[in-house]
Amino acid sequence: MSSDQQRKTGVTNLVESLRPSPVMWLVLVVLGASFGLIPGPINTTIAVVTGVATAVLAVVLVVVFTPRLQLAKGVFSAGRAKVPASLVAKVEPLDAAQMRAAHGVDLDARAYLCTRAWVHTGIRVTLNDPQDPTPYWLISTRRPQEWVRALGS
């Protein structure tokens, strides 16, 4: 379904996983494999097994703990948090500089965070829920404008 059809029918589905960039995957594998250097002077076989095992473990952990953003069936979810999309009051796109400030000096300690260091842009989602003390959600995304369109409609 095209985005025009989605807007006309009111059906909007959007999914994004906050996986690392290719360079970060390489750094992750090299960092994991470098643990093989520890037993290297003792035994080469143990060093290779340790390096491969820690590299695989590092990749598996990142895959398992990668948060997912999703808008489907009227529910918006970011990581473990879910909220009906009807409670979204305002969505602001944040470029890299705004995201850095929002995650730093401008951060409200009560905000819900679903961020990753390797994703430099994001959105700030304000909810219209009087029972929720969370002032806003700060979310990393590589496609802030798409999320603004999807959640703002």
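The values are calculated or read from the model by the stated rules, or taken from the named source; none is laboratory data. Please read all numbers here as calculations on a predicted model, not as lab measurements. Cβ coordinates were reconstructed from backbone atoms using ideal geometry, including for glycine residues, and neighbour counts include every protein chain displayed.
What to note about this one:
- Members of the stretch 9-42 that are in a loop (DSSP other than H, G, I, E, B), surrounded by fewer than 16 Cβ atoms within 10 Å (Cβ to Cβ) and out of contact with any strand residue (DSSP E or B) (no Cβ under 6 Å at 6 or more places or on another chain): G10, V11, S21, I38, G40, P41, I42
- Selection of the stretch 57-72 for residues being in contact (Cβ under 8 Å) with a residue 12 or more places away in the chain and either more than 17 Å from V119 (Cα to Cα) or among the aromatic types (F, W, Y) (or both) yields L57, A58, V59, L71, A72.
- All positions within the stretch 126-153 that are part of a strand (DSSP E or B) and either within 21 Å of A96 (Cα to Cα) or under 17 Å from the mean Cα position of the chain (by Cα) (or both): T126, W137, L138, I139, S140
- Output for the stretch 79-106, where each listed residue is under 15 Å from the mean Cα position of the chain (by Cα), outside any strand (DSSP E or B) and surrounded by 15 or more Cβ atoms within 10 Å (Cβ to Cβ): G79, M99, H103
- In the set G74, G79, G122, only one residue is among the small types (G, A, S), modelled with pLDDT of 95 or more and under 20 Å from E16 (Cα atoms); that residue is G122.
- Of all positions in the stretch 89-104, none carries a residue that is free of Cβ contacts under 8 Å to residues at least 12 places away in the same chain and either under 23 Å from D132 (Cβ atoms) or not assigned by TED's automatic domain parsing to the domain that holds Q145 (or both).
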